[in-house]
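Heads up: the structure comes next, in structure tokens.
Each reported figure results from applying straightforward, stated rules to the coordinates on display, with no laboratory input. On a predicted model such as this, the values are computed, not experimentally measured, just so you know. Neighbour counts run over all protein chains shown; Cβ positions are idealised from the backbone, glycine included.
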Amino acid sequence: MAQALMAPAVQVVSGALNSSQGVNPSLLAAALTAVHPDTRAAAACLTARTADNATYLALREMYSQASSADDAARFLTALTCVRDPGLVEDLLRATATPDIKLMDVSSVLSGLAMDSGSKFLAVWAFLFRSADLLVARYPSPSSATYSLGGTLADLAMHFTDTSFS
């Protein structure tokens with residue numbers, strides 16, 4: 001059943017990505033919206049997993065211009081599916097800027113870290129390098145602790161979890 005739903009999704013999204021005019025965020029958003037609701041999030045994630053820079057930037061634009069909280073969450077989750085190390089770093093840097101909504105910073109860090117070992121290590125390296133930039137985004141250190149503390153505690157458990165690699 002899942003394959004029957006995903007095949008049309010892959011065709012629709014591939015058509016948007018293979019446009020002769022390059023990646024058009026509006027066309028990509030329309031393609032993802034046309035996908036069956038049960039597979040929309042998976043199609044967006046698959047799109048991000050294989051994203052080149054242009055597709056990644058289109059997904060970032062779709063996140064920032066989403067017309068609903070559901071769409072914003074879907075595109076944000078898709079962004080955490082990127083595999084290219086340069087795009088992972090770019091997304092991490094974006095968490096220290098207004099490009100990623102403050103309420104979404106923890107979701108980006110968690111989503112990236114839970115996807116694979118190399119992305120997990122990239123998140124930790126970023127946190128050690130840029131903790132001051134992240135904390136500075138919050139109105140007070142205590143609000144940063146409240147917002148990021150649970151995420152950091154969850155991630156830290158994986159350092160001692162022998163099943164994580």
Point to revise | Under Karplus coefficients 6.51, -1.76 and 1.60, residue-wise ³J(HN,Hα) of region 37-52 in Hz, glycine/proline x | key: x, 5, 10, 4, 5, 5, 5, 5, 5, 4, 4, 5, 4, 9, 5, 8
Study note, to complete from the structure: Checking rank on 79-89, 145-155, with mean other Cβ inside 10 Å and highest first, the result is 79-89, 145-155
Study note, to complete from the structure: The Cα extents of region 84-160 along the principal axes, largest first and rounded to whole Å, are 32, 27, 19
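What does the extension gain come out to for residue 146 and residue 121, with contour length at 0.36 nm per residue minus their alpha carbon separation?
Values: separation 25, 0.36 × 25 = 9.00 nm, distance 2.27 nm.
Here the segment from residue 146 to residue 121 would lengthen by 6.7 nm.
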Point to revise | Cut-off 19 Å (backbone N to label point 7 Å along Cα→Cβ of residue 83), residues of region 89-131 | key: 89-92, 111-123
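For residue 138 and residue 97, calculate 0.36 nm times their separation in residues minus their Cα-Cα distance, and state this gained length in nm to one decimal. Intermediate results must be reported in sequence, preceding the final value.
Details: separation 41, 0.36 × 41 = 14.76 nm, distance 1.10 nm.
Going from the current span to full extension adds 13.7 nm.
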Revision key, fill the gap. For region 127-142, in residue order, the Karplus 3J(HN,Hα) values (coefficients 6.51, -1.76, 1.60; θ = phi - 60°; whole Hz; Gly and Pro = x) are 4, 5, 6, 10, 4, 5, 5, 5, 4, 5, 6, 8, x, 8, x, 5
Practice item. Count charges around residue 110 for me, please; just the other residues with Cβ under 14 Å from its Cβ, Lys/Arg as +1, Asp/Glu as -1. Key: -2
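Net charge within 9 Å of residue 126 by Cβ-Cβ distance, Lys/Arg positive one each and Asp/Glu negative one each, not counting residue 126 itself? Intermediate values should be presented prior to the final figure.
Working: positive: 93, 129; negative: 89.
Charge balance near residue 126 sits at +1.
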Review point. Once label points are set 7 Å from the Cα along Cα→Cβ at both residue 67 and residue 36, what is their separation, rounded to one decimal in nm?
Key: 2.5 nm
Exercise for review: Please state the charge dipole magnitude for region 64-115, taken about the Cα centre, from unit charges on C-beta atoms (+1 on K and R, -1 on D and E), reported in debye and rounded to the nearest 20.
Suggested key: 60 debye
